[in-house]
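These notes concern the structure reproduced below.
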Amino acid sequence: MTDDEFMVLLDRHGADLALWPDPDRRAAAAMLKHAAEARRQLRLAEQVAALIAAPPPDTTRLQRSILAALPVPAVAAVPRGLVASAGATLMASLAAGLMLGWLGLVNDPLSAPPDDLDQTIAIAFFVDESYGS
């Protein structure tokens, strides 16, 4: 087995030689007896596997310290009079619309006869079948 073949198998099967196929495992074991570079690569692969298998560190203290260091944004207070006047304006426009509609002073746009603009829109969006395909 060459160094390149060993590295390919190490990448493919991982650092645990017990999980390697038998012929590859026997060849790797023989190689590890005399190849220092292969042993070094196997140790590195074992360290990486241990890091991957380890549980993640507890980051609670880190999160708290980061959040404590953040500046607290000032909340802009909305003046009470502005909210009240906006509400009063909304209620007045609603009352005016209801009154005008109830008294019949506003025409229903859906029951009005179409004008030229309405016909243009109808032609633009609802193409007649006389145009063919």
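Every read-out reported here was derived from the displayed coordinates using simple, explicitly stated rules and does not represent laboratory data. Please read all numbers here as calculations on a predicted model, not as lab measurements. Neighbour counts are summed over all protein chains in view; Cβ atoms, including those assigned to glycine, are modelled from backbone coordinates with ideal geometry.
So here's what we get for this one:
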quantity	calculated
Spin-label model distance (nm) - residue 19 vs residue 85, 7 Å beyond Cα toward Cβ	7.1 nm
Amide H contacts under 5 Å for residue 20, placed H, 5+ residues apart	none
The stretch 1-53 - convex hull of the alpha-carbon atoms, volume per residue in Å³	67 Å³
Global form of the stretch 1-103, assessed from the alpha-carbon gyration tensor, a/c cut-off 1.5	prolate
Using a Förster distance of 41 Å, the FRET efficiency for residue 53-residue 76 (Cβ separation, nearest 0.05)	0.25
Label-reachable residues, the stretch 39-59, where backbone N falls under 19 Å from a point 7 Å from residue 12's Cα toward its Cβ	39, 41-42, 45-46
